[in-house]
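Every number in this text was worked out from the coordinates using simple rules, so none of it is lab data. Everything numeric in this text was worked out from a predicted model, so none of it was measured. Positions of Cβ are generated from backbone atoms using ideal geometry, with glycine treated the same way; all protein chains shown enter the neighbour counts.
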Amino acid sequence: MRVLNSQSLALPAFTVLKLIAFVGCVLFAVSTTMVRADTQSKKITAILAKADSAYGEYLSGQCVTCHHSKGKADGIPAIVGLPDVYIVQTILEYKHAREERTNPTMVNIAKNLSDEEIGSLAKFFSAQEAE
Amino acid sequence: MYKLTRRRFGGVLGASAMGVAAGSLAAPAVLAAAKSRLVVIGGGPAGATTARYVAKGSKDVSVTLIEPKHHFTTCFFSNLYLGGFRTLESITHGYSTLAAEYGINVVHDVAVDVDRAGKMVKLARGGDVAYDRLVVTPGIAMRYDSIEGYSAEASTVMPHAWQAGTQTAALKQQLEAMEDGGTFVICPPPNPFRCPPGPYERICMVAHYLKSNKPKSKIIVLDAKDKFSKQALFQEAWVQHYEGMIEWLPKEVTGGVKAVKAESMEIVTDGETIKASVANVIPAQKAGVIAERAGLTAESGWCPIDPSSMRSKKDESTFVIGDASIAAAMPKSGFSANSQAKVAANAILADLTGSKKFPAKYRNTCWSLVATNDGVKVGADYTGGDEKIDVTSKFISKTGESADLRAQTAEEANGWYAGITKDIFG
């Protein structure tokens, strides 16, 4: 009975340790993700702060050759009227060819854009309206 | 001097009233004299885009666009018409939006000469148009004399179909009239020429039509070159979709096309004479005629430009944009022309209104349809360097891509067509 007891005690103690370790890991992961998300959002804010509206309008000319200027999406996604934060985030994803953002045309374009250019384009297109 | 210019400009207003879109100009004649004047020769992707962006950018510039045609059929996507994927109507555009929504004075006439010292463009129907800045976008002219026996007249029998419209329709009619088992001969031109992947996309589109309608027919390619744009991708498609139908003969094999005989439908190379059922003869090219008349061309027949603005190296009041220009690494394409137009429009507005001139950034992408739902592409970003337009970075489709990716690329091309034509014609 006693032997049995000590055995039954020893096992849960090990399980508790594992649980603590697991929770610790999860917390660490969550906090790291939060820090990363926070860093990312600070980066996006910084990029948008660099926006120059006249430069954005000029640069947008090179986008509307393909992305319809009034938001028609006929095989190429519409970009007018999207939130500026989303546009910055998407261009950054193309710049680093992350996840699904592998279209070679956009990867090639994004890698040549500076932060000021990305911010300027995002501000410009977010202010446009679809027809 | 100013009075003279104003009076002469008034004269042109009268002349253009006989043309087409008179309403927009006749009334504000006095106002127009106070504004600075941009005159654009040519209403293709380069000219119409520049006119639209300058008109959009400032109310203080009067914009006149001189283009003989009332409707413009785009060269890009005209191969898709040959393949049966597009109608001619769906790739034909008018100028009414540019006139009505952007206040551009569209004059349907031919610019026959430019007096650069007096800053006047002479029109075929009479009258001069005065300018402060001139944009020359005449596209290409054919060097008929580059092939013995070829001429404007011969091109009605052996169409080049390298300027879209009646030539393209003529080639399509000939293909439709051809017997099953006939020989389609295409002669791609030497470099540099409009739309480097164009002849090879055309081969795909003609093969697509023949495979569906006249499967015993053959295609012979008598190339003036030994290699070509997107070669691996096109050759992959020729084997994959049209096996046994296409024979590509580079210059090193045939010595190139020496002569054509339109009356007997024969094409002569170094060692052989080939009889064609349908002959698509695309000669060497040069800048459109008015560029040469205006003294804007170099010995090569093309126009040197400042890479930071597309300003002519021969005249600081003049810009040459699109196929007629020497844009170094940029191919002669509708996309390039449209891209260059926006750099030039920014520079023109800076000249005329004192607005900010931004750094020259250019782009090109060429999609080619090689079969149903099978598209490939090539593209690059460019900057205006000190000496020439330089490539910043580039990309190209790969051989062996999945059918899904190819279908997506083909779909993208449709989206691009909708986008660019909106950007050109409003």
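Counting each DSSP H run of 4 or more residues in chain A as -39500 (n - 2.57), what helix-only mean residue ellipticity at 222 nm follows after dividing by all residues, to the nearest 500 deg cm²/dmol?
-22500 deg cm²/dmol
Can you tell me the convex hull volume per residue for the range A:67-110, based on C-alpha atoms, in Å³ to the nearest whole number?
Per residue, the Cα convex hull of the range A:67-110 comes to 72 Å³.
Between the range B:205-247 and the range B:252-290, what is the C-alpha centre distance in whole Å?
18 Å
Give me the inter-chain shielding for B:380-391: mean count of other chain Cβ atoms within 10 Å, whole number please.
Partner Cβ neighbours, averaged per residue: 1.
Take every Cα-Cα pair in the range B:292-356 and report what % of them are more than 19 Å apart.
I get 28 percent for the Cα pairs in the range B:292-356 exceeding 19 Å.
Per residue, what volume in Å³ does the Cα convex hull of the protein assembly as shown take up?
Working: hull volume 108.5 nm³, N = 557.
For the protein assembly as shown, the hull spanned by Cα atoms encloses 195 Å³ per residue.
Across 10 Å bins from the origin, how do the percents of Cα pairs in the range B:37-85 run, short distances first?
With a bin width of 10 Å, the distribution comes to 24, 40, 23, 10, 2.
Of the residues A:T102, A:T32, A:T15, which exhibits the maximal mean-square fluctuation in a Gaussian network model of chain A defined by a 10 Å Cα contact cut-off?
With Cα springs under 10 Å in chain A, the top fluctuation among A:T102, A:T32, A:T15 is at A:T15.
In what order do B:D270, B:D386, B:D423 fall by count of nearby beta-carbon atoms within 10 Å, going from fewest to most?
Lowest count first: B:D386, B:D270, B:D423.
Expressed as a fraction of 2.2 N^0.38 Å, the rule-of-thumb size for a compact globular protein of N residues, what is the C-alpha radius of gyration of the range B:145-284?
Numbers: Rg = 13.8 Å, N = 140, 2.2 N^0.38 = 14.4 Å.
Ratio of Rg to 2.2 N^0.38 Å for the range B:145-284: 0.96.
Relative to the longest principal Cα axis of chain A, at what angle does helix A:2-49 sit, 0 to 90 degrees, rounded to 10?
10 degrees
Could you go through the range A:111-122 in sequence order and give the Karplus-derived ³J(HN,Hα) for each residue, using 6.51 cos²θ - 1.76 cosθ + 1.60 with θ = phi - 60°, rounded to whole Hz, and x for Gly and Pro?
5, 9, 8, 7, 4, 4, 5, 4, x, 5, 5, 4
Cβ under 9 Å from A:A110's Cβ, A:A110 left aside: what net charge do those residues give with Lys, Arg +1 and Asp, Glu -1? Write down the numbers at each step before the final one.
Working: positive: A:K95, A:R101, A:K111; negative: A:E93.
So the environment of A:A110 carries a net charge of +2.
May I ask for the longest run of chain B untouched by GluC sites (Glu not before Pro) that are loop-located per DSSP and have at most 14 neighbouring C-beta atoms (other than their own) within 10 Å? Each step should come with its number before you reach the end.
Details: sites that count: B:E153, B:E179, B:E243, B:E263, B:E272, B:E299, B:E316, B:E387.
Between exposed loop sites, the widest span is B:1-152.
Work out from phi, with θ = phi - 60° and the Karplus expression 6.51 cos²θ - 1.76 cosθ + 1.60, the ³J(HN,Hα) of each residue of the range B:149-154, listed in order in whole Hz, and give x for Gly and Pro.
x, 8, 6, 4, 5, 4
Grab the other residues whose beta carbon is less than 10 angstrom from that of B:W162, score K and R as +1, D and E as -1, and report the net.
Counting the neighbours of B:W162, the net charge comes to +2.
Over what distance in Å are the Cα centres of the range B:334-357 and the range B:135-187 separated?
Rounded to whole Å, the Cα centres lie 33 Å apart.
In a solvent-free Debye calculation with one equal scatterer on each Cα, what is log10 I(q)/I(0) for the range B:69-220 at q = 0.09 Å⁻¹, listed in the order of the q values?
The computed values of log10 I(q)/I(0) come out as -0.40.
To the nearest 10 degrees, how steeply does helix B:2-19 sit against the main Cα axis of chain B, on a 0 to 90 scale?
50 degrees
Quick one: net charge around B:G255, please, counting Lys, Arg +1 and Asp, Glu -1 for every other residue with C-beta under 12 Å from its C-beta.
-3
Considering the convex hull of the alpha carbon atoms of chain B, report its projected area averaged over all viewing directions, in nm², one decimal. Write down the numbers at each step before the final one.
Working: hull surface 80.6 nm².
Projected over every direction and averaged, the Cα hull of chain B covers 20.1 nm².
The range B:316-426: percent of C-alpha pairs farther apart than 18 Å?
Numbers: 3444 of 6105 pairs.
Tail of the P(r) past 18 Å holds 56 percent of the pairs.
Let me confirm one metric for peptide B:335-342, namely the mean number of other chain beta-carbon atoms within 10 Å of its residues' beta-carbons.
Partner Cβ neighbours, averaged per residue: 2.
Mean projection of the alpha-carbon convex hull of the range B:361-406 over all orientations, in nm²?
Reported value for the Cα convex hull: 3.7 nm².
Which angle from 0 to 90°, rounded to the nearest 10, does the C-alpha axis of helix B:231-242 make with the longest principal axis of chain B?
It works out to around 50 degrees.
Debye calculation, C-alpha points only, no solvent: report log10 I(q)/I(0) for the range A:2-126 at q = 0.22 Å⁻¹, in the same order as the q values.
Normalising to I(0) and taking log10 leaves -1.26.
Among the trypsin sites (Lys or Arg not before Pro) in the range B:285-362, which ones are in a DSSP loop with at most 16 other Cβ atoms within 10 Å of the Cβ? Mind listing them?
Answer in residue order: B:K313, B:K356, B:K357.
Taking amide hydrogens as modeled 1.01 Å from N in the peptide plane, which residues meet the under 5 Å criterion relative to B:S36, leaving out close sequence neighbours?
Those qualifying (amide H under 5 Å, at least 5 residues apart or on another chain) are B:S62.
Restricting to DSSP H runs of at least four residues, report the calculated mean residue ellipticity at 222 nm for chain B, -39500 (n - 2.57) per run over all residues, nearest 500 deg cm²/dmol.
Mean residue ellipticity at 222 nm (helix-derived): -10500 deg cm²/dmol.
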